[in-house]
Amino acid sequence: MLNYNNETGNELWDNGYVDCKSSYVEYVESESSFNTEVYDYVQLMKQNDIKTIVNMNKYLTSNNLWNRFPTIRSRNTYANGFIAIGVKKHAYSAIAKLYKTQDIATTHLIEQSGISNNEIKKLQNRPTLL
């Protein structure tokens with residue numbers, strides 16, 4: 001339950017009265033970034049006539065464009081051991097619905113994690129297996 005502290009003007013949670021205003025602002029900003037990045041990703045697919053998310057990910061990697069998508073990008077590890085830069089599952093779903101596309105999986109995604117700019121550079125400089 002959310003309460004309001006009249007003395008400080010802060011919103012407070014019942015459990016320990018932790019100030020949640022900054023967390024809420026971060027959440028709203030991340031949601032806004034997510035929506036913007038998904039939209040931009042789809043627009044870039046359309047502009048370049050790219051039909052699948054896998055090919056779009058390859059395009060972003062080969063053209064060093066992942067820095068435009070820090071909220072939705074991830075380091076994806078597949079069951080066959082392959083590691084690739086891709087998009088988070090919820091971003092993948094949103095992109096597939098907006099663009100009405102879906103890739104046929106040849107192997108299962110087993111792990112996702114955030115990826116830094118340095119990690120992107122390392123993965124971009126290795127040979128592509130897909």
For segment 66-83, pairs from a residue that is assigned to a loop (DSSP other than H, G, I, E, B) to a residue that is surrounded by 14 or more Cβ atoms within 10 Å (Cβ to Cβ), with Cβ under 6 Å and 6 or more apart or across chains, are F69/E37; T71/S33; T71/F34; T71/E37; I72/E37; I72/V87; I72/K88; I72/A91
Conditions (1) at pLDDT below 90; (2) of a type in the set (K, R); (3) at negative phi -> K58 fails only (1)
*asked:* Tell me whether segment 14-31 contains one or more residues that are at pLDDT 80 or above, in a helix (DSSP H, G or I) and not acidic (D, E).
replied: no
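The values are calculated or read from the model by the stated rules, or taken from the named source; none is laboratory data. Please read all numbers here as calculations on a predicted model, not as lab measurements. Please note: Cβ atoms are built from the backbone with ideal geometry, for glycine as well, and neighbour counts cover all protein chains shown.
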